[in-house]
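The values are calculated or read from the model by the stated rules, or taken from the named source; none is laboratory data. Since the model is a prediction, treat every value here as computed from it, not as a measurement. Note that each Cβ is placed from the backbone with ideal geometry, even for glycine, and that neighbours are counted across all protein chains shown. With ligands, DNA and RNA removed, areas are computed over all heavy atoms of the protein, side chains included. Shrake-Rupley method; radii C 1.70, N 1.55, O 1.52, S 1.80 Å.
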Amino acid sequence: SGINAEYGGDPHIITFDQKIYSFQGECTYLLAMDAAQGSWFVYGKFTQCGNNGTCIESVTVYTASYAVELMRGWVINQNGRKLPVKEGKTLYPDETMSLYFDGYEVFLEIREPQIQLTWDGIMNLKIEVSSRATTLGLCGNNNADPDDDFLSYYGNLLDDPTEFGHLQAVDRHGHCKKPPAKVEMEGDVDAARAECEQVLQSGLFEYTSDYLERQATRRGSAHELYRSDKLIDMCIYDVMANMGVEELTAQCYAGYNYVSIVKRLGICIPEGWQRTVGCVNKEELQDITIRQGCPWGETPLPFNRD
């Protein structure tokens, strides 16, 4: 397991050093890059969604050998060519790059330099790097210290996540506006919390959350990503910001993200959890995701159906 950062919802950002913050910018931003040698860059395009919020729409990774864009609806663009991903199949399994789709997420692995992107086809991205090499961008500097993640290019330590985030904009012509420091959402916080807890603290989720909470407490901030209370706080914001997509509610989207997180820890929450909490099932999720991207036309859809 490598060192992970994550973007999801309105966007909630978890850095390589596990600092958690939100940033409602609308522009293309530097998510992460190799600060020492410039051997790889990851950019993300943030667009409006929900009520007064933004979310990540597409992700592009550049290396010396590749430029690959991950778009909504599991559309994968390499130099203007759509890559034909298929559930359960590994595409281009060679010494330099592989692309795998498990029916929920696309896993793009570039082996030199070693970096993996996990994209759910809607608005959740995970970036994994193999070492503590210094990075720049919204993911922080990757030095195992979350307290200095808002370090500017010029060595100034910033307090404001909005100021730090705005500095990562790819905006040579100055068109991107600095977002407000905090977007206030109207609504019933207690009702939003109840909706989130209904999913994230139900059945197997509650059992898994308790286990991960004990692990997070024992190991400290290095496992901040897996603390259930942090995930619920992010879910509450997304429910109030109306960050759902069609029939996929914000709290159910948080549930799918939670399943993805714990899967990376070797914990498998089986199919069927959706039914007990009233969330869309796998096929419904796939249909919603496909509708978010460019039409597939005559190209076979990427998932398997009986």
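Observations, loosely collected:
- Contact order relative to length of segment 185-306, as percent, for alpha carbon pairs under 8 angstrom and 6 or more apart: 24
- Rounded percent of accessible protein surface that carbon and sulfur make up, segment 35-89, 1.4 Å probe: 43
- Candidates Ser58, Asn141, Pro302 compared by Cα position along the dipole of the chain: farthest toward the positive end lies Pro302, with charges placed on Cβ.
- Listed residue pairs exceeding 30 Å between alpha carbons, taken from Lys86/Lys126; Lys126/Lys178; Lys177/Lys282: Lys177/Lys282
- Relative contact order for the chain: 20 percent, from Cα pairs under 8 Å spaced at least 6 residues apart, divided by residue count.
- Relative contact order of segment 122-200: 16 percent, from C-alpha pairs under 8 Å at least 6 residues apart in sequence.
- Over the residues of the chain, the helix contribution to mean residue ellipticity at 222 nm works out to -7500 deg cm²/dmol, using -39500 (n - 2.57) for each DSSP H run of at least 4.
- Taking packing as the residue-averaged number of other Cβ atoms within 10 angstrom, the listed peptides 263-269, 106-112, 64-70 run from highest to lowest as 106-112, 64-70, 263-269.
- Alpha-carbon spread of segment 52-177, three principal axes, descending order, Å: 45, 35, 26
- A full extension of the chain between Gln78 and Gln114 corresponds to an added length of 11.1 nm, given 0.36 nm per residue minus the alpha carbon distance.
- Amide H partners (placed H, <5 Å) of Ser39, local residues excluded: Asp34
- In sequence order, segment 96-112 has phi-based couplings of 10, 8, 9, 10, 10, 10, 9, x, 10, 9, 9, 10, 9, 10, 10, 8, 9 Hz under the Karplus curve 6.51 cos²θ - 1.76 cosθ + 1.60, θ = phi - 60°, and Gly or Pro positions carry x.
- In sequence order, calculated HN-Hα J values of segment 145-157 (Karplus, 6.51, -1.76, 1.60; Hz; x Gly/Pro): 10, x, 6, 10, 5, 8, 7, 6, 4, 9, x, 8, 8
- Mean accessible surface per residue for segment 1-86, computed with a 1.4 Å probe while every protein chain stays in place, in Å²: 35
- Farthest positive-ward along the chain dipole, Cα basis, beta-carbon charges - from Asn4, Tyr92, Ser22: Tyr92
- At the listed q of 0.07 Å⁻¹, the Debye profile of the chain, built from one uniform point per Cα, gives log10 I(q)/I(0) equal to -0.25.
- Close amide H pairs (under 5 Å, H built 1.01 Å from N) link Thr28 with Phe46, Val170, residues at least 5 positions away or on another chain.
- Segment 1-115: projected area of the alpha-carbon convex hull, averaged over directions, in nm²: 8.0
- Peptides 129-137, 237-245, 40-48 ranked from most to least packed by the mean count of surrounding Cβ atoms within 10 Å: 237-245, 40-48, 129-137.
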